[in-house]
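Quick note: the coordinates plus some simple rules give every number you see, no bench work behind them. Just so we're clear, the structure is a prediction, and the values are computed from it rather than from any experiment. For neighbour counting, all protein chains shown are included, and Cβ atoms are generated from backbone atoms with ideal geometry for every residue, glycine included.
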Amino acid sequence: MKRTSRAVFIIIALGFILSSQAFGFEPQTGPGLRGMCMNMPPAMNALHTPMVPPGVKLLTDCIQINVISSLTGLTQENVRQLLISSPPQAILDAYSIPNEAFRQEMDKAALKIVSQALASGMISKSQSEDINKKLSSKDLQPCNLKKVKN
């Protein structure tokens, strides 16, 4: 009787293992990690974009909401709702706001945050200069809007 129950248990266990592989379930790779596919950045035009730290992404999103709100006259909550269903470029186009005006406002807001961080002692003067130098370069501006060609 015990041999039969062990054999049934082994068959069921093998069935679970084989079915998880057949359905493509990925094994856990560590606590809180789901596998490599969850850690990959989104692709844009088949090119992978570099991973942005979550804090920087959150700060950029907040600056973006504030700037779009000030340029369009909408409340920040309305801008948040619009950004759920449409990209920033579509909102700017709907309100006839040129990209250059948006970019300049984003740069001003980013420089303001850097100067506030310097004044509060969160960053050093050399770090502030490095950030300002990176912000002034063309490729690393906080908002580098390009129309995506379909």
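Taking the Cα centre of the range 47-136 as origin, work out the dipole magnitude from +1 charges on Lys and Arg Cβ and -1 charges on Asp and Glu Cβ, in debye rounded to 20.
Here the size comes out at about 220 debye.
Can you find, among GLN116, PRO98, ILE84, the residue sitting farthest towards the positive end of the charge dipole of the range 47-136, where Lys and Arg contribute +1 and Asp and Glu -1 at Cβ?
GLN116
Using only Cα atoms, what is the ratio of the radius of gyration of the range 47-136 to 2.2 N^0.38 Å? Working shown, then result.
On the way: Rg = 14.6 Å, N = 90, 2.2 N^0.38 = 12.2 Å.
The value comes to 1.20.
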